[in-house]
Amino acid sequence: MAALQLVSLPFFPRSPRFLYIDNGNAQGGEQALRRLRGERADISHEVYEMRQEKEKIEQLPKLSVLQVLTSRHLRFRLVLTAIIHMSQQFTGINGVFFYGREIYKSAGLQHVSVFALLPAVLNVVVVLLAVRLVERLGRRSLMLVGLAGMSCSYVILTAGLCFEKGFFNNSTSKGNWTSSLSIAGSLGVVIFFSIGPGPVPWMIVSEIFPQNARATAYAFAGVVNWGGSYLVGQFFLDILQATAPYGFCIFGGVSLIFAVLIYYLQPETKNLEIADIDRYFRRLAESDQESCACFFRAGKDTAK
């Protein structure tokens, strides 16, 4: 896989914003954007937006890492970034990927290796579908649907495992329907993760931070994300063994908690220019001295 990425990387288009805004290469930025959108696409509005953003950034001071992390105008954005990236990891998706074989074995399935490939295949297919839906339904909507769906899927998975272990009728009930229930639950977790919590968090970071803070914001998001991945991978199996067969309900509850946080904290940024989003968060930071009540109004608004 690493070799495939290395070979294919030279064929990927460069970032239009990086070329135009960071490098000052207007012609290269326009060419990269046209390569992304197609030769016949009208890119004049996006070029105008990049020009406006570049002019605005040139008037702003360069920010150090410490300044980004302590800036009042960026504080809420960092909180939101941490929450959406924790929702990607602490909802247990990597545990489902890492220990899928154990899940299928506990369901009494044969040909475990074949079933273990299904989550990866579904992940790729559904993410491609989500890319098409994100501009129609919005980032916030996909996050809410994904997290709520993951919560329900964890309940289904837990119910299947309980029937397998005989927790409802005091006798084990291994059969096709109980195995199907467990499989449906585990695959449902993957599908709903791929709809929202999988692809959306990285997109949000690029939209809510101005160019002069974006690199630090991505680094911050990466620390939160990979830190969460490590913790889940380290303790997932211990949690399942200590709370069997109800361990997945814990992740279902966590998914529901994050859905509530996203509902109240994440504004919708669909079809909005970066300048409008930045203006919204600055206005939010300046109102009510960034009170908790102000924070919890954010998700009910559209960032405009």
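The values are calculated or read from the model by the stated rules, or taken from the named source; none is laboratory data. Predicted, not measured: the structure shown is a model, and the values here were computed from it. Because the Cβ atoms are built from the backbone with ideal geometry, glycine has one as well, and the counts that use them run over all protein chains shown. Side chains included, ligands, DNA and RNA excluded: accessible areas come from the protein's heavy atoms. Shrake-Rupley method; radii C 1.70, N 1.55, O 1.52, S 1.80 Å.
Condition check: at pLDDT 85 or above and open to solvent by 20 Å² or more (accessible area, probe 1.4 Å). Does F192 satisfy that?
Details: at pLDDT 85 or above: yes; open to solvent by 20 Å² or more (accessible area, probe 1.4 Å): yes.
Considered against the rule, which asks whether it is at pLDDT 85 or above and open to solvent by 20 Å² or more (accessible area, probe 1.4 Å), F192 comes out as yes.
Table: residues versus (1) touching a Ser or Thr at 6+ places or on another chain (Cβ under 9 Å); (2) open to solvent by less than 50 Å² (accessible area, probe 1.4 Å); (3) at pLDDT below 75; (4) of a type outside the set (A, V, I, L, M).
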residue: Q59; (1), (2), (3), (4): no, no, no, yes
residue: V68; (1), (2), (3), (4): yes, yes, no, no
residue: I84; (1), (2), (3), (4): no, yes, no, no
residue: N94; (1), (2), (3), (4): yes, yes, no, yes
residue: G100; (1), (2), (3), (4): yes, yes, yes, yes
residue: I103; (1), (2), (3), (4): yes, yes, yes, no
residue: S113; (1), (2), (3), (4): no, no, yes, yes
residue: L118; (1), (2), (3), (4): yes, no, no, no
* Restricting the stretch 70-82 to residues that are modelled with pLDDT under 90 and of a type in the set (D, E, K, R), which is surrounded by the most Cβ atoms within 10 Å (Cβ to Cβ)? -> R75
* Asked: What is the one condition in (1) in contact with a helix residue (DSSP H, G or I) (Cβ under 9 Å, 6 or more places away or on another chain); (2) assigned to a loop (DSSP other than H, G, I, E, B) that E46 does not satisfy?
  -> (2)
* Report the residue count in the stretch 49-85 for those that are touching a helix residue (DSSP H, G or I) at 6+ places or on another chain (Cβ under 7 Å) and polar (S, T, N, Q). => 2
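Condition (residue is in contact with a Ser or Thr (Cβ under 6 Å, 6 or more places away or on another chain), open to solvent by less than 60 Å² (accessible area, probe 1.4 Å), over 15 Å from V79 (Cα atoms) and of a type in the set (D, E)) applied to the stretch 269-290: is it met by at least one residue?
Taking the stretch 269-290 as the starting set, the residues that turn out to be in contact with a Ser or Thr (Cβ under 6 Å, 6 or more places away or on another chain) are 277.
Still in the running and open to solvent by less than 60 Å² (accessible area, probe 1.4 Å): 277.
From the residues that got through so far, the ones that are over 15 Å from V79 (Cα atoms) too are 277.
Imposing the further condition that a residue be of a type in the set (D, E) reduces the set to none.
So far as the stretch 269-290 goes, no, none of its residues is in contact with a Ser or Thr (Cβ under 6 Å, 6 or more places away or on another chain), open to solvent by less than 60 Å² (accessible area, probe 1.4 Å), over 15 Å from V79 (Cα atoms) and of a type in the set (D, E).
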* To do: Mind telling me which of the residues S180, S229 ends up being out of contact with any Phe, Trp or Tyr (no Cβ under 6 Å at 6 or more places or on another chain), under 24 Å from A116 (Cβ atoms), small (G, A, S) and open to solvent by less than 20 Å² (accessible area, probe 1.4 Å)?
  => S229
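Taking the stretch 4-24 as the search range and keeping residues that are open to solvent by 70 Å² or more (accessible area, probe 1.4 Å) and more than 24 Å from the chain's Cα centre (by Cα), which one is nearest to L272 (Cα to Cα)? Even if it seems obvious, please write down each step before you answer.
Looking only at the stretch 4-24, we keep the residues that are open to solvent by 70 Å² or more (accessible area, probe 1.4 Å), and these are 4-7, 9-12, 14, 18, 22-23.
Remaining after also requiring more than 24 Å from the chain's Cα centre (by Cα): 4, 6-7, 10-11, 22-23.
Working: L4: 35, L6: 34, V7: 35, P10: 31, F11: 29, D22: 21, N23: 24 Å.
By that ranking, first place goes to D22.
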* Within the stretch 126-162, track down each residue that is among the basic types (K, R) and either under 18 Å from Q266 (Cβ atoms) or not in a helix (DSSP H, G or I) (or both). => R136, R139, R140
* Asked: If you go through the stretch 34-41 one residue at a time, do you hit one that is out of contact with any helix residue (DSSP H, G or I) (no Cβ under 8 Å at 6 or more places or on another chain), touching a residue at least 12 places away in the same chain (Cβ under 8 Å) and open to solvent by 90 Å² or more (accessible area, probe 1.4 Å)?
  -> yes
